[in-house]
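Derivation of every value follows stated rules applied to the coordinates shown; laboratory data play no part. Treat the numbers as computed from the prediction; the structure is a model and nothing was measured. Every residue, glycine as well, gets a Cβ built from its backbone with ideal geometry; the counts of neighbours run over all protein chains shown.
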Amino acid sequence: MYDLIIIGAGPAGLSAAVYAVRAGFHILVLEKSPMSGGQVLNTYEVDNYLGLPGINGFDLGMKFREHADKMGVEFAEADVLGVETETDVSVPGRCIHTVKTDKENFRTRAVLIATGAAHAKLGVPGEEELAGMGVSYCATCDGAFFRNRTVAVVGGGDVAAEDAVFLARTCQKVYLIHRRDELRAAKILQEKVKELPNVEILWNTIVENIHGTEQVEGIGICNTVSGEKQDVAVDGVFIAVGIRPNSEAFTGIADCDDRGYLIAGEDCATTTPGIYAAGDIRTKSLRQVITAVADGANAVTGIQNYFSHNW
């Protein structure tokens, strides 16, 4: 039986793995992908990770994995189907967990869920091909690369409005493209967007394609009312049409909020003893690589405290 099984080998999971080995835990990291690193692997350049400005996202993910390998972390490639929890009636607060995968099952004293979240995509031509080359899903991560340039934000909710406000501070021009005739964002955010002179809202408009050779050069849009199509020259496209946590396999294991994020505080403890959540999958205000790495460290500290009181 393992002391800790970490589900997911992104920044949060790999950080936790390093800290757990240093704490003397017998651990296993389960990852369904043949390559560790998580979403950062698809980021062309990371300019806000402390001490490594401008590092390629793939290289950063590989550095995280190399560190874990150097520590002797045990990995297994498997798709996790769910977790079953048994309460030890002899010791209040103690549970044994069985992690079920498509290959075999594993027993452990604690589980750290670090499966992250996935950005909703437009599903239009050019989106996948130009991902990381002008197509982004995180304005706070990548906005600095578009200073004094023209960009588009796609979406109508709070995130899209916040992205437009954020980008307007440094970009020459920001198009906010929304498929309806009014934004879904909070009123105060809508007012901020409408007050900005360099933000133009394109109502009742959808993006049909994103094009460019080695970088984004423009987008093809269509007005859903008039049917008019046109091409708009932009240097970047920020897609903010939603994000969903990768929590389907863990429904019922611990409490989630109304969007499916596992409810966990800074210690990463969920509502179920011995079950922890770190990184983008947990309730938090900022989802970036650096906060995911911090979660991994905090989670292991929380698990150490859990062990000391229950084992």
Between 0 and 90°, nearest 10: helix 289-310 axis offset from the chain longest Cα axis: 20
Cα pair distances of the chain binned at 20 Å [whole percent]: 32, 50, 18, 1
Listed peptides 158-171, 120-133, 219-232, 6-19 by packing density, highest first (mean Cβ within 10 Å): 6-19, 158-171, 120-133, 219-232
The range 160-177 and the range 241-289: distance between their alpha carbon centers, rounded to Å: 29
Chymotrypsin sites (Phe, Trp or Tyr not before Pro) lying in DSSP loop within the range 40-97, provided at most 12 other Cβ fall within 10 Å: none
Burial ordering of ARG109, ARG22, ARG184, fewest other beta-carbon atoms within 10 Å first: ARG22, ARG184, ARG109
Tilt relative to the chain, helix 158-168 - C-alpha long axis, 0 to 90 degrees, to 10: 60
Per-residue [θ]222 nm for the chain (sum of -39500 (n - 2.57) over DSSP H runs n ≥ 4, rounded to 500): -7000 deg cm²/dmol
DSSP beta bridge pairing in the range 80-220, given as percent antiparallel to the nearest 5: 60
About the Cα centre, charge dipole magnitude for the range 121-239 (Lys/Arg +1, Asp/Glu -1 at Cβ), debye: 380
Global form of the range 121-239, assessed from the alpha-carbon gyration tensor, a/c cut-off 1.5: oblate
Cysteines without a disulfide-compatible partner [the chain; Cβ-Cβ under 4.7 Å]: CYS95, CYS171, CYS222, CYS256, CYS268
Order of THR108, THR85 - criterion: other Cβ atoms within 10 Å of each residue's Cβ, fewest first: THR85, THR108
Selected from ILE27, ILE263, GLN288, residue furthest toward positive end of dipole (the chain; charges at beta carbon): ILE263
Least to most buried among TYR2, TYR276, TYR306 (fewest other Cβ within 10 Å first): TYR2, TYR306, TYR276
Cα-based Lys pair tally, the chain, threshold under 19 Å, eight or more apart or on separate chains: 4
Cα-based helix-to-principal-axis angle, 57-70 vs the chain, degrees rounded to 10: 10
Debye, to nearest 20: dipole size of the chain, +1 on Lys, Arg Cβ, -1 on Asp, Glu Cβ: 500
